[in-house]
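Below is one structure, written out as structure tokens; the observations come after it.
The values are calculated or read from the model by the stated rules, or taken from the named source; none is laboratory data. Here the structure is a predicted model, which means the values were calculated and not measured. FYI the Cβ positions are ideal-geometry reconstructions off the backbone, even for glycines, and counts take in every protein chain you see. Quick note on the areas: whole protein, heavy atoms, side chains included, nothing else; ligands and nucleic acids left out. Shrake-Rupley method; radii C 1.70, N 1.55, O 1.52, S 1.80 Å.
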Amino acid sequence: MKSKRIIAIGGGEIKNYGTLEIDRYIAEEAKKIAGDRRACGLFVPTASYDCMPYYNTFHKIYTGIYGLKTDVVLTVNREIDLDKIRIKFEKADFIYVGGGNTVFMIEHWKKTGALSIIKEAYARGVLIAGLSAGAICWFEDMYSDSVVEGEYSMYKGLGWIHGKISPHYNERMLDFDKIVMYNRDCAWGVENGAALEIVDGEPLRSISGGGKVYRLDASGGELKKSIF
């Protein structure tokens, strides 16, 4: 059975090549998975309300630079055919979930039935990558301003991965640290230009494109922070 893998990217502008080193790693892993076939990446832009320029940028990076095929799943403000969507997921060597409104994305996936298809792909070992919203949605608790822009709070994620997480940690460090300390929890802070790779539910390694991944532990009443 294939391992279940998630690459959670803390942030960075893909259009400005801010995640290029991480994108290279994802592309190389996809090519290993595809073998003799041309690898295919499936872009899921639900959190950005199916923003097509976002997909075009993804295509520019992954096809123009790394030579992969790409496709996109559009589900917002349209009739959707779950059977056709499932076929796209079955053809994908990796899935890339874009950034945006995390809370909207999770609720929309549940409402439309897309979540069950994503779960199926994850269970059979399709590599999942995601940036910002696409990085944090898999965790039990996620730090986001999805409901009111600029007002950050903890929200429930899908719960596939244990713990709390903040994307853009270099921008939100002080407030997130206070939350972790108050709750005496363990958590992850992933900066822009960094990613956390999780295999079978366990954080395995960090991937740096200029940023860092931090493990936070306040379970003993004192905040301990280490670079992962």
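A few notes on this one:
- Modelled spin labels at M173 and T63, positioned 7 Å past Cα toward Cβ, are 3.9 nm from each other.
- Filter on K15/K224; K119/K224; K60/K88 - keep pairs with C-alpha separation over 27 Å: K15/K224; K119/K224
- Cα gyration tensor shape for region 151-228, rounded if a/c is under 1.5, else prolate or oblate: rounded
- Long-range amide H partners of K212 with built H, under 5 Å: E191
- Point-charge dipole on Cβ atoms (K/R +1, D/E -1) for region 124-195, about Cα centre, debye to 20: 320 debye
- Peptides 195-206, 133-144, 71-82 ordered by average Cβ neighbours within 10 Å, highest first: 133-144, 195-206, 71-82
- Taking θ as phi - 60° and the Karplus parameters 6.51, -1.76 and 1.60, the scalar couplings of region 206-217 work out to 9, 10, 10, x, x, x, 10, 10, 10, 9, 10, 9 Hz in sequence order, x denoting glycine and proline.
- Most mobile listed residue (D177, D145, D36) in the chain, GNM with C-alpha springs under 10 Å: D36
- As a fraction of the 1.4 Å probe accessible area of the chain, surface on carbon and sulfur atoms comes out at 49 percent.
- The largest-to-smallest principal axis extents of the Cα set in region 14-135 are 35, 30, 21 Å.
- At a probe radius of 1.4 angstrom, the accessible area of region 8-131 per residue rounds to 44 square angstrom.
- If you run the Gaussian network model on the chain, springs between alpha carbon atoms under 10 Å, then out of R24, R86, R38 the most flexible one is R38.
- In a simple Cβ point-charge model (Lys, Arg +1; Asp, Glu -1; nothing else charged), the chain has a dipole of about 640 debye relative to its Cα centre.
- For the chain: rounded, prolate or oblate by the Cα gyration tensor [a/c cutoff 1.5]: prolate
- Based on Cα contacts under 8 Å between residues 6+ apart, region 1-132 shows a relative contact order of 38 percent.
- Near I95, the amide H atoms lying under 5 Å from its own belong to L42, L127, I128, A129; only residues 5 or more places off or on other chains count, and H is placed 1.01 Å from N.
- Residue by residue, region 128-133 carries 3J(HN,Hα) couplings of 10, 10, x, 10, 6, 3 Hz when phi is fed to the Karplus relation 6.51 cos²θ - 1.76 cosθ + 1.60 (θ = phi - 60°); x denotes Gly or Pro.
- Amide H contacts for K4 (H built 1.01 Å from N in the peptide plane; partners 5 or more residues away or on another chain; cut-off under 5 Å): D200.
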